[in-house]
Amino acid sequence: MPAITDVRIFRAVSPLSRPIADATHSLTEISFYVVEVETESGGTGQGYLLSFHYSPHAISGALKDIRPLVLGLEPHETGVLAHRAAAEHEYFGCEGLQKWALAAANVAMWDCRGKMLGAPVWKLLGSTVSRVPVYGSGGWLSYTIEELLGEVTEYRRRGFNAVKIKVGGGLERDLERLRKVREAVGPGLKIMMDANQGMSLQDALALSRKAEDLDIFWFEEPIDHRDYEGYAVLRSRTSISLAMGEREYDTQALKALIGRRGIDLWQPDLIRIGGVEEWRNSAALAGAYSVPVLPHYYKDYDVPLLCTIPNGVGAESFDWIDGIIDNTMRIEDGFAYPRTGPGWGFTFRRESLTPVE
């Protein structure tokens, strides 16, 4: 394959951008960074990361620093990039924003490879299934009850079979919101709750027990992601499944939680964990212990990747990039279908991108 001769960085803001909040974050905008690689023959590929309003100078700097490590590589040499990045990043640490930059470049290289070969990434990796269950995500604590119910009933109208809402706003308020959502969507639709690490173990236990009659499908990040013993206690004392993994840059937490019987669902974040290969490695480890995989946020990458593993059980759906890309993902009757075009099957519209110099 021809070598990569240019790496461009852009910023984009979702047309759905507005302030939202969960138990631990107040988010003022929904924004992204896009890495675009180009080869000497004109082949291109894109990868993006979700940034919100956080650390724009640090993110830009990390992405600029990854440029020289990518230049000269062929699109299939993602492993070479990983080795280069490990050596370059070791002094300041391989986790954090430097891992995000590596992953965005990794995803762009996979996109470029697929486009040059004329095949979707999921076909290059070998597929197991052709569609993936998908759930509607949101339910922000900043929503009024009317906004919350409007969102979940709209998901139901669109054919979704599951929705997730935020908790951590106080026990009685959480229970009220959960009960109203259950009343609005009926008994046939799955409900999940996500505390974004914003609760104490005692409060998470109390909510889990009081919400049992509402048939909650799983409880995501109830407590600090490093409190492995707390997850084990919570899992042993309640009947609601526990989901965790989006904050992890490697598989150490997964190993620790498996050893303590403290996890039911593994939720790798494609960008935090380092890209396609590391995402799949973590899924394989989870599969070895019969832990299902239900990744965090990146539907447009996760759906095709979930099609390539035997233990994928679903994907999280937001519509945040749909207004600024050229090909939205097909979602019907609660299932998402991987795009059939080459690479990841979509490209950010040029007019939505602002160059980062």
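The values are calculated or read from the model by the stated rules, or taken from the named source; none is laboratory data. Model, not experiment: these values are computed from the prediction. Ideal geometry is used to build each Cβ from the backbone, glycine not excepted, and the neighbour counts take in all protein chains shown. Accessible surface areas use protein heavy atoms only, side chains included; no ligands, DNA or RNA. Shrake-Rupley method; radii C 1.70, N 1.55, O 1.52, S 1.80 Å.
Grab the Cα-Cα distance for SER200 and ARG226, subtract it from 0.36 nm times how many residues apart they are, and report the gain in nm with one decimal. Walk me through the numbers on the way to the answer.
Values: separation 26, 0.36 × 26 = 9.36 nm, distance 1.27 nm.
Contour length minus the Cα-Cα distance gives 8.1 nm.
Given the C-alpha atoms of the range 1-97, compute the convex hull and give its volume per residue in Å³. Please report the intermediate quantities before stating the final value.
Values: hull volume 10.9 nm³, N = 97.
In the range 1-97, the Cα convex hull volume per residue is 112 Å³.
Could you run the Karplus curve 6.51 cos²θ - 1.76 cosθ + 1.60 with θ = phi - 60° over the range 126-140 and give me ³J(HN,Hα) per residue in whole Hz, x for Gly and Pro?
x, 9, 10, 10, 10, 7, 9, x, 9, 10, x, 10, x, x, 4
Quickly rank 162-172, 39-49 as a protection proxy: mean count of other C-beta atoms within 10 Å, highest first.
Details: 162-172: 21.0, 39-49: 19.2.
Highest-to-lowest ranking by the protection proxy: 162-172, 39-49.
Per residue of the range 158-165, what does 6.51 cos²θ - 1.76 cosθ + 1.60 with θ = phi - 60° give for ³J(HN,Hα)? Whole Hz please, x for Gly and Pro, Karplus curve as stated.
Computed from phi, the couplings for the range 158-165 are 7, x, 5, 9, 7, 9, 10, 10 Hz.
How far is helix 171-185 tilted, in degrees, relative to the longest principal axis of the Cα atoms in the chain, given as a value from 0 to 90 rounded to the nearest 10?
So the inclination is approximately 80 degrees.
Out of residues 5 or more away from TRP320 or on other chains, whose amide H comes under 5 Å of its own, with H placed 1.01 Å from N in the peptide plane?
For TRP320, whose amide H was placed from the backbone, there are no distant partners under 5 Å.
The range 1-41 to the range 69-131: how many Å between their Cα centroids?
Going from one Cα centre to the other spans 16 Å.
With every protein chain left in place and a probe of 1.4 Å, what is the accessible surface of HIS83, to the nearest 10 Å²?
Its heavy atoms expose roughly 140 Å² to the probe.
If you take the beta carbon distance between ALA256 and ALA288 as r and set R0 to 22 Å, what does 1/(1 + (r/R0)^6) give as a FRET efficiency, to the nearest 0.05?
Numbers: r = 15 Å, r/R0 = 0.68.
For R0 = 22 Å, the calculated efficiency reads 0.90.
For the pair HIS57/HIS83, report the inter-label distance in nm, with labels modelled 7 Å from Cα in the Cβ direction.
Using points 7 Å along Cα→Cβ, the separation is 3.6 nm.
Cα-Cα over 18 Å: which of LYS166/LYS190; LYS164/LYS190; LYS123/LYS255; LYS180/LYS210; LYS64/LYS99? Please list the in-between numbers first.
Numbers: LYS166/LYS190 14 Å; LYS164/LYS190 8 Å; LYS123/LYS255 29 Å; LYS180/LYS210 14 Å; LYS64/LYS99 13 Å.
In this structure, LYS123/LYS255 exceed 18 Å between Cα atoms.
Taking every DSSP beta bridge that has both residues in the range 123-337, what percent is antiparallel when rounded to the nearest 5? Present the calculation step by step, with values, prior to reporting the outcome.
Working: 5 of 25 bridges.
Once the DSSP bridges in the range 123-337 are tallied, antiparallel ones form about 20 percent.
Arranged from highest to lowest average of other beta-carbon atoms within 10 Å per residue, in what order do the peptides 329-338, 275-284 appear? Could you put the intermediate results ahead of the total?
Values: 329-338: 18.2, 275-284: 20.7.
My ranking of the peptides, most packed first, is 275-284, 329-338.
Can you give the helix-only mean residue ellipticity at 222 nm for the chain, where every DSSP H stretch with n ≥ 4 adds -39500 (n - 2.57) and the sum goes over all residues, rounded to the nearest 500 deg cm²/dmol?
On the way: 12 runs with 134 residues, N = 357.
Result for the chain: -11500 deg cm²/dmol, rounded to the nearest 500.
Using the Karplus curve 6.51 cos²θ - 1.76 cosθ + 1.60 with θ = phi - 60°, what ³J(HN,Hα) values do you get for each residue of the range 87-97, in whole Hz, with x for Gly and Pro?
Each residue's phi maps through the Karplus curve to give 5, 6, 8, 4, 5, 9, x, 8, 8, x, 4 Hz.
Quick one: compute the contact order of the chain, relative version, from alpha carbon pairs under 8 angstrom and 6+ residues apart, as a percent.
Working: 770 pairs, mean separation 71.9, N = 357.
Computed value for the chain: 20 percent relative contact order.
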